[in-house]
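Here, each number is a calculation from the coordinates, and none is a lab measurement. Because the structure is predicted, anything quoted here is derived from the model rather than measured. Note that we place each Cβ from the backbone using ideal geometry, even for glycine, and neighbour counts take in every protein chain shown.
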Amino acid sequence: MARQTTPWKRNSDGLQRTAQQKAVITRQRAEEAIALLLRAHRPITFKAVAETARVSTAWLYANEDIKQRILHLRTQQTPETPITISLREQASNASKDTMIAALQKRVKEQAAEIRELKQQLEVAYGQLTKK
């Protein structure tokens, strides 16, 4: 006896409506986060907006209008003054050259040690195959 199955119409209207509401709420949170960062004179970055709005940076990048707004606001911000290190605290060229020479010497020593260890390993493998 063959059983007939009736195709059921899926009722996904509720899911779609909930997803749309969630998207609107998330967009509002992102917009509010941008406004809050602007009022607080904090830098507008994807990370800062994501943390403030409690959304992922991937979501921000995926929404083109919000992404463009963040990029636009980021370019309008004044760049921070570069950090200057006093001359006394900066390494001299001579000390840099000394450090480079020491590192190069260390690399050569380690390369020689590696060659020696490889030779010892070959000898050990040879002894194992004789047994």
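In this entry, LEU60 passes the filter for residues that are within 30 Å of LYS22 (Cα to Cα), out of contact with any Leu (no Cβ under 6 Å at 6 or more places or on another chain) and either assigned to a helix (DSSP H, G or I) or without any contact (Cβ under 8 Å) to a residue 12 or more places away in the chain (or both).
Of the residues making up segment 69-95, those that are surrounded by 10 or more Cβ atoms within 10 Å (Cβ to Cβ) and closer than 19 Å to LEU36 by Cβ number 7. The test for being without any contact (Cβ under 8 Å) to a residue 24 or more places away in the chain, among the hydrophobic types (A, V, I, L, M, F, W, C) and either out of contact with any Pro (no Cβ under 6 Å at 6 or more places or on another chain) or surrounded by 10 or more Cβ atoms within 10 Å (Cβ to Cβ) (or both) does not hold for ALA30.
The residue list THR57, THR98 contains one member that is closer than 30 Å to THR26 by Cβ and hydroxyl-bearing (Ser, Thr, Tyr), which is THR57. For ALA102, the conditions (1) without any contact (Cβ under 8 Å) to a residue 24 or more places away in the chain; (2) under 30 Å from HIS41 (Cβ atoms); (3) outside any loop (DSSP other than H, G, I, E, B); (4) not hydroxyl-bearing (Ser, Thr, Tyr) are fulfilled apart from (2).
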